[in-house]
Amino acid sequence: MNYNKKTVMDVEVAGKKVLLRCDFNVPMAKDGSGVITDDKRIRAALPTIQYLLDQGAAVIACSHMGKPVASFDKWVQKQTEKGKDPATLTEEKWRKSLAELSLKPVAARLSELLGREVIMAADVVGEDAQAKAAALQAGQVLLLENTRFEKGETKNDPKLAKAMADMAEVYVSDAFGAVHRAHASTAGVADYLPAVSGFLIQKELDFIGGALANPKRPLVAILGGSKVSSKIGVINNLLEIADTVIIGGGMAYTFSAAKGGKIGNSLFEADWQDYANEMVAKAEAKGVKLLLPVDTVCGDKFAPDANVQTVEAGSIPDGWEGLDIGPKTVELYCAAVKDAGTVIWNGPMGVFEFAAFAKGTEAVAEALSKTDAITIIGGGDSAAAVQQLGYADKMTHISTGGGASLEFMEGKELPGVACLLDK
């Protein structure tokens with residue numbers, strides 16, 4: 001994939017209407033109060049919005065939020081599958097489920113952060129959105145309603161993409177968390193407008209793209225998380241380019257079992273043992289160091305108050321489960337990142353949500369904070385861990401997209417990036 005894409009600075013936006021795809025899929029309070037519990041994604045969009053306004057553009061922002069079901073019949077079907085009584089499922093309840101995923105609270109928060117009014121559209125491409133977009137002046141910001149309220153959004157419906165594109169003259173993509181999906185607002189609109197990246201996506205392409213295409217060596221990849229199946233493509237791709245690949249988290253037990261080790265009740269994917277062995281063989285053939293845990297911290301149950309013991313890897317007693325890497329493994333892994341040129345980290349080393357099993361993840365985060373290497377944290381759980389443990393400001397780059405950064409590291413083409421103009 002070509003990472004060298006035109007950015008918002010490569011096009012003339014003065015006096016133009018710009019359709020800006022953001023990632024405003026923010027966490028909301030569960031009580032339906034409309035309170036945003038973390039506005040990080042809104043703040044991440046500010047540099048691009050502010051730049052467009054400073055250049056004299058009118059900004060039409062759009063985003064999805066959650067997974068609304070855009071038709072009543074489909075909603076009834078989904079609720080029935082979850083065991084709800086169809087007789088209790090009214091159109092009013094469906095509309096309430098949509099209202100809870102409205103972007104109105106985002107418009108209010110964005111207004112506060114920008115220090116100017118953000119006009120809210122009642123729909124995505126309906127009469128209200130079209131009228132407000134037509135009247136929009138330079139220096140103003142309009143936010144369209146949740147793009148997934150339109151049935152055609154996730155199907156990349158060209159009619160919807162064209163209707164969105166017709167409101168503007170330039171398309172700027174800045175929602176890295178959504179670029180791995182070919183939706184109408186992330187890829188389809190680029191068929192009808194000159195399409196460039198915002199600062200957020202440019203940063204992701206520079207850091208992750210740079211680390212994959214031309215890394216400062218040695219390149220060390222640390223991969224954790226629960227499942228081998230979800231990371232197999234990433235492991236496979238990184239074995240082509242990395243100098244060292246480190247495996248931690250739940251997926252280490254599939255590797256351990258594949259080697260004939262005892263793993264007790266540890267998380268384990270029986271169907272993926274052959275792949276695990278293939279990856280070990282591939283690393284050997286390529287001359288890549290593949291580091292696996294040498295000891296394990298186990299619990300007698302999956303709980304914060306479990307009894308704890310540390311054992312050699314591959315000798316976990318029956319009835320116990322591996323929940324973190326052990327102290328010898330911590331030493332081994334920290335030594336591997338010490339003199340690295342670039343480190344990519346995706347996935348925690350253990351169940352970092354429980355204090356007794358957070359030591360491995362914390363030690364790796366601390367080691368990364370002390371190295372001179374370029375440190376890149378793939379989104380999702382590893383980003384959450386680094387933030388929770390207080391090391392976020394010590395990392396070179398923390399990705400804003402979990403699924404997107406994973407697919408990026410797999411070497412897959414990202415539709416929302418592929419559609420942008422090349423430099």
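For this structure, a couple of remarks:
- The set of residues in the stretch 211-231 that are under 17 Å from the mean Cα position of the chain (by Cα), more than 21 Å from H397 (Cβ to Cβ) and not charged (D, E, K, R) comprises S226, S230.
- Only one of V280, V288, V311 that is more than 23 Å from A356 (Cα to Cα) and either touching a Gly at 6+ places or on another chain (Cβ under 9 Å) or surrounded by 18 or more Cβ atoms within 10 Å (Cβ to Cβ) (or both): V288
- Qualifying residue in the stretch 58-81 (condition: surrounded by 15 or more Cβ atoms within 10 Å (Cβ to Cβ) and of a type in the set (K, R)): no
- Only one of the listed residues (E413, E407) is closer than 22 Å to S197 by Cα, acidic (D, E) and within 14 Å of the chain's Cα centre (by Cα). That residue is E407.
- Some residue of the stretch 27-38 being touching a residue at least 12 places away in the same chain (Cβ under 8 Å) and in contact with a Leu (Cβ under 9 Å, 6 or more places away or on another chain): yes
- Subset of the stretch 377-423 [farther than 17 Å from I201 by Cα, in contact (Cβ under 8 Å) with a residue 12 or more places away in the chain and not in a helix (DSSP H, G or I)]: L389, Y391, M395, E410
- The single condition among (1) aliphatic (A, V, I, L, M); (2) at pLDDT below 95; (3) farther than 20 Å from G299 by Cβ that V220 does not satisfy is (2).
- The set of residues from the stretch 108-128 being under 15 Å from H64 (Cβ atoms) and crowded, with 22+ Cβ neighbours inside 10 Å comprises A121, V124, V125.
- For the stretch 1-13, the set of residues classified as aliphatic (A, V, I, L, M) and within 11 Å of E169 (Cβ to Cβ) consists of V11, V13, listed by residue number.
- The set of residues in the stretch 189-220 that are in a strand (DSSP E or B) and under 29 Å from R43 (Cβ atoms) comprises A195, V196, S197.
- Scanning the stretch 357-388 for residues that are surrounded by fewer than 24 Cβ atoms within 10 Å (Cβ to Cβ), closer than 18 Å to D324 by Cα and among the small types (G, A, S) gives A358, A363, A367, A383, A384.
- Just so you know, in the stretch 317-357 the residues that are touching a Ser or Thr at 6+ places or on another chain (Cβ under 6 Å) and part of a strand (DSSP E or B) include one that is farthest from G210 (Cα to Cα), and it is E321.
- Residues that are part of a loop (DSSP other than H, G, I, E, B) and either free of Cβ contacts under 8 Å to residues at least 12 places away in the same chain or more than 23 Å from K301 (Cβ to Cβ) (or both), drawn from the stretch 241-272: A242, D243, K259, G260
- I49 being closer than 21 Å to L144 by Cα, modelled with pLDDT of 95 or more and β-branched (V, I, T): yes
- Unmet criterion (only one of (1) surrounded by 12 or more Cβ atoms within 10 Å (Cβ to Cβ); (2) modelled with pLDDT under 85) for K96: (1)
- Considering residues of the stretch 294-305 that are within 31 Å of the chain's Cα centre (by Cα) and either among the aromatic types (F, W, Y) or not in a strand (DSSP E or B) (or both) only, the residue nearest to Y253 (Cα to Cα): V294
- Qualifying positions in the stretch 64-116 - among the small types (G, A, S) and more than 30 Å from P47 (Cα to Cα): A70, S71, G83, A87, S97
- Candidate set: the stretch 176-208, residues that are surrounded by fewer than 23 Cβ atoms within 10 Å (Cβ to Cβ) and of a type in the set (F, W, Y); chosen: the one farthest from L421 (Cα to Cα): F207
- Here the condition is being crowded, with 16+ Cβ neighbours inside 10 Å, at negative phi and in contact with a strand residue (DSSP E or B) (Cβ under 8 Å, 6 or more places away or on another chain); of V330, V337, it holds for V337 alone.
- Answer from K289, K227 - the residue that is of a type in the set (D, E, K, R) and under 19 Å from S382 (Cβ atoms): K227
The values are calculated or read from the model by the stated rules, or taken from the named source; none is laboratory data. Quick caveat: nothing in here was measured; it's all calculated off a predicted structure. Heads up, the Cβs are rebuilt from the backbone with ideal geometry, glycines too, and the neighbour counts pull from every protein chain shown.
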